[in-house]
Amino acid sequence: MDFMTDQDVQKYREDGYVVLDGLLTAQECDELRQRMSEIVDRMDVPEHCRTTFSTYHDEQLKTQGNADYFITSGDKIRFFFEKGVFDDKGEFIVPKQRSVNKVGHALHAYEPLYKKVTHSPNVQGIAKKLGLSTPVILQSMYIFKQPGIGGEVTPHQDATFLYTEPLGRVMGLWIALEDATVNNGCLWFIPGSQNSGISRRMVRTPEGTFPLTDFIGREQTYDEEKFVPTPVKKGGVVLIHGEVVHRSAENMSEDSRHVYTFHIMEAQETRWSPDN
């Protein structure tokens, strides 16, 4: 029996996202969390690389967009932090385990547990069910959404950052390693918004220029009433179309919301933009 049903496929194509329960067992989720705890315990981040992660347009340009540490993280495991976790000398003012916003972007390449999940039979089955003939992994991330300080992720489309020609060739898989609820910062979507193209692109600037990245266009202003909350049980996965508009609120609760997420691209007859 397929992990993904025909009804799931229809919902994904119509709404731009779908939740599938039970991709991972509770034990598998706990193992991934434990391994990440070990990675964070051992992280040694140079002070000049203590980059705060932000999804705000101008701050993206000022911080990670200007940082070689971010730009060159596609084939490495690197650490990006929440706001307010360092003092003015770059020293931690919160425990290391509570400081990290995300770890990216090549866990699937270097960490066996994450590689196993990324290439699991169920994930391969999802790709096949959706008609992907040559799926490739673009990137992977572990997102913490720390209790009390987990930052807002503003409305965006993944294709802004993972641009292909034609569009529509990228899909995110967002796996809840803990229950993702309205209280701790679950995703919110505008159903059907994948059909309207993209409003901005993040691109590399010409070599030798500064800043290292820029945006073409600006993010639209969206009607808040159109967003639908999408809670996910521990072990469940959300499939996210590259052009569907989604966001998540700050985590003001006492519960974390750990997630492992990665992006798949259909490589056949797809041009991956060199400006990405």
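The values are calculated or read from the model by the stated rules, or taken from the named source; none is laboratory data. Remember, predicted model here, so these are calculated numbers, not experimental data. Here the Cβ is made from the backbone with ideal geometry for all residues, glycine too, and neighbour counts use every protein chain on show. These accessible areas exclude ligands, DNA and RNA; they are computed on the full protein's heavy atoms, side chains included. Shrake-Rupley method; radii C 1.70, N 1.55, O 1.52, S 1.80 Å.
Trypsin sites (Lys or Arg not before Pro), restricted to region 85-137: which are DSSP loop and have at most 15 other Cβ atoms within 10 Å? Working shown, then result.
Numbers: sites: 89, 96, 98, 102, 115, 116, 128, 129; in loops: 89.
Filter output for region 85-137: 89.
Using packing as a proxy for protection, rank 204-211, 105-112 so that the peptide with the highest average count of other Cβ atoms within 10 Å comes first. Working shown, then result.
Numbers: 204-211: 9.4, 105-112: 17.9.
Going by the mean number of other Cβ atoms within 10 Å, highest first, we get 105-112, 204-211.
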* Asked: Starting at 0 and stepping by 10 Å, how many percent of the alpha carbon pairs of region 60-153 end up in each bin?
  -> 14, 35, 32, 15, 4, 0
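Pull out a ≥ b ≥ c, the square roots of the eigenvalues of the alpha-carbon gyration tensor of region 188-276, then state rounded if a/c is under 1.5, prolate if not and a/b is larger than b/c, and oblate in the remaining case. Spell out each step's value before the answer.
Details: a/c = 1.64, a/b = 1.58, b/c = 1.04.
It is prolate, given that a/c is not under 1.5 and a/b is the larger ratio.
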* **Cα extents of region 128-249 along the three principal axes, largest first (Å)** => 43, 38, 28
* Asked: Could you give the dipole magnitude of the chain about its Cα centre, charging the beta-carbon of Lys and Arg +1 and that of Asp and Glu -1, in debye to the nearest 20?
  -> 400
* Return the distance in nm (one decimal) between the two label points of a simple spin-label model at residue 233 and residue 207, each offset 7 Å from Cα along Cα→Cβ. => 5.2
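Beyond 29 Å, what share of the Cα-Cα pairs of the chain is found? Please give it as a whole percent.
Summing the P(r) of the chain above 29 Å gives 29 percent of all pairs.
Quick one: compute the contact order of the chain, relative version, from alpha carbon pairs under 8 angstrom and 6+ residues apart, as a percent. Intermediate results must be reported in sequence, preceding the final value.
On the way: 586 pairs, mean separation 79.5, N = 276.
For the chain, the relative contact order is 29 percent.
Compute, for region 133-244, the length of the dipole vector about the Cα centre, with Cβ point charges of +1 (Lys, Arg) and -1 (Asp, Glu) only. Units Debye, rounded to 20.
Computed about the Cα centre, the dipole is about 200 debye.
Using only Cα atoms, figure out Rg for region 234-276 and give it as a multiple of 2.2 N^0.38 Å. Could the numbers behind the result be given before it?
Numbers: Rg = 15.1 Å, N = 43, 2.2 N^0.38 = 9.2 Å.
Against the compact-globule rule of thumb, the ratio is 1.64.
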* Asked: How large, in percent, is the carbon and sulfur part of the accessible surface of region 122-276 at a probe radius of 1.4 Å?
  -> 50
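Over the chain, give the accessible area per residue in Å² for a 1.4 Å probe, as an integer. The partial results should precede the final answer.
Values: 13130 Å² over 276 residues.
In whole numbers, the chain has 48 Å² accessible per residue.
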